[in-house]
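Presented below is the structure to which this report refers.
The values are calculated or read from the model by the stated rules, or taken from the named source; none is laboratory data. Quick caveat: nothing in here was measured; it's all calculated off a predicted structure. Cβ: placed from backbone, ideal geometry, glycine included. Neighbour counts: every protein chain shown. These accessible areas exclude ligands, DNA and RNA; they are computed on the full protein's heavy atoms, side chains included. Shrake-Rupley method; radii C 1.70, N 1.55, O 1.52, S 1.80 Å.
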Amino acid sequence: MQREAPALVVFVAPQGENGARVHMLTEQDGLVRALAYGGAGRAGRALWQPGNVVKVRLTQRGEGAPVQVSGELLYGCAARILSMPLALAMMQSVCVLADATLPEGEPCPAFFGATLKLLSFIGYSPDVAEQTGLPNYIEWELALLDVLGFGLDLSCCAVTGQTGDLAFVSPRTGRAVSREGAGVWKDRLLPLPAFLHDPTQAGSWPDWLDGLRLSGHFLARDAFGQRHLPLPAARQRLLGRVEKLVAGADAT
C-alpha cells in the first residue's frame, strides 16, 4: 500500500534511537498510526508536531506490517501559537481528544474537514481565537460526540416538543429541555447556552464555560467513562484555564 494525502498530526512519541510514532487524522483513512524513520531528528521534530498539517506518504509493505510515513509540511499550527495560552490549550485538546477517541482506519471526511477548519482558524488567527474562538472549539467537541455515536439532540424540547426557549439539556439523554418543560427539575439539568442552538447569539465567557462543561459531561461519561478512563489532562487544563478567565472577569 502506498498513498499520499494531507493529514493532521495529533500525537508524536519517540520510537527507537531516531524514529517516532506518529498518529494522524486523514480524510480517507480516519485515524492512522505509523512509524516515521528519522522523526526524532532535527528536521523530523519540526515536521511531526501535534497540530501540524502535513502532506504524508504512507507505505505498508504487506498486511500486518507497520505503516511507515514520511511527509512535508503544509501548515505549521503549533509554532504560531506558543505564546497564546488559550489557543494552545484548544489545539492540544483537539489533538488529544481526536487521538484518544476516534477508531483507527474509519473514514470521517466531514469531521476531518471540521478539524482542519478549526486548527487553521486557531493557527492563522490566534489572537482572534484567544478572544472569540471558544464557541468554535465547543462546536467541534459536539461534532466529535456525533461522530462517536453520542450526539446531542438540541432541536426541540424532549418534554413539550417546542423548539423555542430551550435552556437546558438532560444529563441522562442528551436532549434539550425548554424552561417550561424543565419545571421543578431544572436544578438537575445542564445549562444550554443560547449560542449552541441559535446562530444569531454570540454568547459570552460564562456562556462558553457552560458550553464547555456541557460537552465535557458527555465526553467524560460516554467517550471515556465507558472505558473507565478520565478526561485527558489537556482537556481538563483547557477547562481550568477558562474557569480562571471567567472568575477573573467576575472579580473585576
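Observations on the model:
Quick grid of which residues meet (1) of a type in the set (A, V, I, L, M, F, W, C); (2) surrounded by fewer than 21 Cβ atoms within 10 Å (Cβ to Cβ); (3) under 24 Å from LEU134 (Cα atoms):
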{"position": "PRO171", "(1), (2), (3)": "no, yes, yes"}
{"position": "ARG175", "(1), (2), (3)": "no, yes, yes"}
{"position": "GLY183", "(1), (2), (3)": "no, yes, no"}
{"position": "LEU189", "(1), (2), (3)": "yes, yes, yes"}
{"position": "GLY211", "(1), (2), (3)": "no, no, yes"}
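- Segments classed as helices (runs of 4 or more DSSP H), wholly inside the stretch 138-252, with at least 2 members that are in contact (Cβ under 8 Å) with a residue 24 or more places away in the chain and out of contact with any His (no Cβ under 9 Å at 6 or more places or on another chain): 205-218, 233-251
- In the stretch 79-94, the residues that are polar (S, T, N, Q) form Cβ pairs under 8 Å with partners that are assigned to a loop (DSSP other than H, G, I, E, B) and open to solvent by less than 60 Å² (accessible area, probe 1.4 Å), at six or more places apart or across chains, as follows: GLN92/PRO50; GLN92/GLY51; SER93/PRO232.
One line per residue, one yes/no per condition, for (1) open to solvent by 20 Å² or more (accessible area, probe 1.4 Å); (2) under 24 Å from SER125 (Cα atoms); (3) without any contact (Cβ under 8 Å) to a residue 60 or more places away in the chain:
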| position | (1), (2), (3) |
| --- | --- |
| ALA7 | no, yes, no |
| VAL12 | yes, no, yes |
| GLY19 | no, no, yes |
| GLN28 | yes, no, no |
| ALA36 | no, no, yes |
| GLY41 | no, no, yes |
| GLY51 | no, yes, no |
| LYS55 | yes, yes, yes |
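So that you can scan it fast, the table gives a plain yes or no per residue for (1) open to solvent by 30 Å² or more (accessible area, probe 1.4 Å); (2) out of contact with any Gly (no Cβ under 6 Å at 6 or more places or on another chain); (3) within 22 Å of SER120 (Cα to Cα); (4) in a helix (DSSP H, G or I):
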{"position": "GLY64", "(1), (2), (3), (4)": "yes, yes, no, no"}
{"position": "GLY71", "(1), (2), (3), (4)": "no, yes, yes, no"}
{"position": "LEU74", "(1), (2), (3), (4)": "yes, yes, yes, no"}
{"position": "LEU82", "(1), (2), (3), (4)": "yes, yes, yes, no"}
{"position": "LEU88", "(1), (2), (3), (4)": "yes, yes, yes, yes"}
{"position": "MET91", "(1), (2), (3), (4)": "no, no, yes, yes"}
{"position": "VAL94", "(1), (2), (3), (4)": "no, yes, yes, yes"}
{"position": "LEU97", "(1), (2), (3), (4)": "no, yes, yes, yes"}
{"position": "ALA100", "(1), (2), (3), (4)": "yes, yes, yes, yes"}
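- The stretch 104-120: number of residues that are buried (at least 20 other Cβ atoms within 10 Å of the Cβ) and not hydroxyl-bearing (Ser, Thr, Tyr): 5
- Cβ separations smaller than 9 Å between residues 6+ apart or across chains give the following pairs from the stretch 120-133 residues that are within 20 Å of ASN52 (Cβ to Cβ) to residues that are aromatic (Phe, Trp, Tyr) and open to solvent by less than 30 Å² (accessible area, probe 1.4 Å): SER120/TYR75; ILE122/TYR137; GLY123/TYR75; TYR124/TYR75; ALA129/TYR137.
- Residue within the stretch 121-139 that is of a type in the set (Asp, Glu), open to solvent by 60 Å² or more (accessible area, probe 1.4 Å) and in contact with a strand residue (DSSP E or B) (Cβ under 7 Å, 6 or more places away or on another chain) present: no
- Those residues of the stretch 173-218 which are within 22 Å of the chain's Cα centre (by Cα) and either more than 23 Å from ASN136 (Cα to Cα) or among the basic types (Lys, Arg) (or both), in sequence order: THR173, ARG175, ARG213
- Scanning the stretch 95-140 for residues that are polar (S, T, N, Q) and within 18 Å of LEU196 (Cβ to Cβ) turns up THR132, ASN136.
- The number of residues in the stretch 1-27 being in a strand (DSSP E or B) and out of contact with any His (no Cβ under 8 Å at 6 or more places or on another chain) comes to 18.
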